[in-house]
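The values are calculated or read from the model by the stated rules, or taken from the named source; none is laboratory data. No experiment lies behind these values; they were computed from the predicted model shown. Heads up, the Cβs are rebuilt from the backbone with ideal geometry, glycines too, and the neighbour counts pull from every protein chain shown.
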Amino acid sequence: MPEFDLSALMQQAQAMQEKLKQLQEEAAAKTVVADAGGGMVRATADGAMRLRKIEIDPALIAANDKAMLEDLIVVAVNEALSRAQALMAQELGKASPFPGLKLPGLFGGND
């Protein structure tokens with residue numbers, strides 16, 4: 001029976017950890033955009049789940065409808081964050097040792 005090489009296993013784990021960190025950094029640098037109200041509100045978020053930018057059409061501000069503006073901002077931001085989360089899952093999925101296998105919570109697998 002072959003001997004178990006703990007040192008090699010630790011090296012593989014460290015290499016995978018470094019790869020995951022690199023993929024997270026790359027995903028954090030990417031942005032996604034979502035809009036609401038037919039493009040009247042646009043939200044930009046990055047792969048680190050940070051909101052980067054909100055754009056509001058001047059016509060929406062001129063309409064002076066505070067409730068609608070608030071609702072559209074919430075919709076656009078939530079969609080942008082959802083897309084950013086999907087982006088991160090897709091990027092981390094590249095590190096999976098089993099590309100076709102989706103394990104919940106691991107390597108971008110659906111929870």
**Item:** Every residue from segment 21-64 that is surrounded by fewer than 14 Cβ atoms within 10 Å (Cβ to Cβ), among the acidic types (Asp, Glu) and either at pLDDT below 95 or closer than 22 Å to Lys94 by Cα (or both)
**Value:** Glu25, Glu26
**Within segment 18-59, strands (runs of 3 or more DSSP E) holding 1 or more residues that are hydroxyl-bearing (Ser, Thr, Tyr)** = 31-36, 41-46
**Item:** Ala67 being at pLDDT 95 or above and either more than 22 Å from Ser82 (Cβ to Cβ) or part of a helix (DSSP H, G or I) (or both)
**Value:** yes
